[in-house]
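For reference, the structure discussed in these notes is given below.
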Amino acid sequence: DVPSETDSPSKDCTWVADDSKARCGISRGDKGARGADGTYASDMCPACAQTPMFQVTRSAVLNAKPEEVWDLVGGFQSLPDWHPLISSSTPGMLGDVETRRLGLVPVPDGVSYEREIGRDTMSYGYEVFTIPLPFTNYRSVIAVTPSEKGKAVFVWTSTFAETEPGAAGTVGAIYEAGIDALKEKFGEA
């Protein structure tokens, strides 16, 4: 698969130190800034280790109010409620951070372990610890925003490193399956 503009290696590391715009040391060849969690950027960012990062984004305008869509997709444990490739979500806690263990329909005995890394009014971010798919260092955001006409814009975006060529296509297909299910439920605006 040839990456599209939205499925392409990141040109810059997106890791930031605290609330500043301090980037990692990828261009300087050093470890870079230390983040709020105490890690160096180069410890967290595969781009610093010369591993290309990919970004995949998929979106759709749905024929529903943003709040209606968010009510379905906004819970961290809600993926099996709307995504046809997710069979279950088992909640857990890692300290004070919510986690989930997702059952994956297309992968027999496949399980994804994930933790929530941030939340806003109608968006949440998460990262994957382990997954039986060909990518690593995966971080993602699911968001719902209003269109100019008040309809829901669903956006799913992520950055990750491929462990095998074609992972960006796999991630895109997973997102599209979820978006297709949302279009079937709400209609496309």
(message) Residues that are out of contact with any Cys (no Cβ under 8 Å at 6 or more places or on another chain), of a type in the set (Phe, Trp, Tyr) and farther than 16 Å from SER112 by Cα: does the range 155-171 have at least one?
(response) yes
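Per-residue answers, yes or no, for (1) free of Cβ contacts under 8 Å to residues at least 12 places away in the same chain; (2) open to solvent by 20 Å² or more (accessible area, probe 1.4 Å); (3) closer than 15 Å to GLY74 by Cα; (4) polar (S, T, N, Q):
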{"residue": "SER89", "(1), (2), (3), (4)": "no, yes, yes, yes"}
{"residue": "MET93", "(1), (2), (3), (4)": "yes, yes, no, no"}
{"residue": "GLU114", "(1), (2), (3), (4)": "no, no, no, no"}
{"residue": "TYR124", "(1), (2), (3), (4)": "no, no, yes, no"}
{"residue": "THR163", "(1), (2), (3), (4)": "no, yes, no, yes"}
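Could you grab me the full set of residues in the range 167-188 that are hydrophobic (A, V, I, L, M, F, W, C) and either within 17 Å of LEU79 (Cα to Cα) or modelled with pLDDT of 95 or more (or both)?
In the first step, residues of the range 167-188 are kept if they are hydrophobic (A, V, I, L, M, F, W, C); the result is 167-168, 171, 173-174, 177, 179, 181-182, 186.
VAL171, ALA173, ILE174, ALA177, ILE179, ALA181, LEU182, PHE186 - these are the residues of the range 167-188 that are hydrophobic (A, V, I, L, M, F, W, C) and either within 17 Å of LEU79 (Cα to Cα) or modelled with pLDDT of 95 or more (or both).
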(request) Please work out which residue is nearest to TRP82 (Cα to Cα), limiting yourself to the range 100-112 and to residues that are assigned to a strand (DSSP E or B), open to solvent by less than 100 Å² (accessible area, probe 1.4 Å) and not aliphatic (A, V, I, L, M). (result) GLY103
(message) Need the failing condition index for LYS149 against (1) modelled with pLDDT under 95; (2) open to solvent by 60 Å² or more (accessible area, probe 1.4 Å); (3) part of a loop (DSSP other than H, G, I, E, B), just the number.
(response) (1)
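The values are calculated or read from the model by the stated rules, or taken from the named source; none is laboratory data. Source: prediction; values computed, not measured. Neighbour counts are summed over all protein chains in view; Cβ atoms, including those assigned to glycine, are modelled from backbone coordinates with ideal geometry. Accessible surface areas use protein heavy atoms only, side chains included; no ligands, DNA or RNA. Shrake-Rupley method; radii C 1.70, N 1.55, O 1.52, S 1.80 Å.
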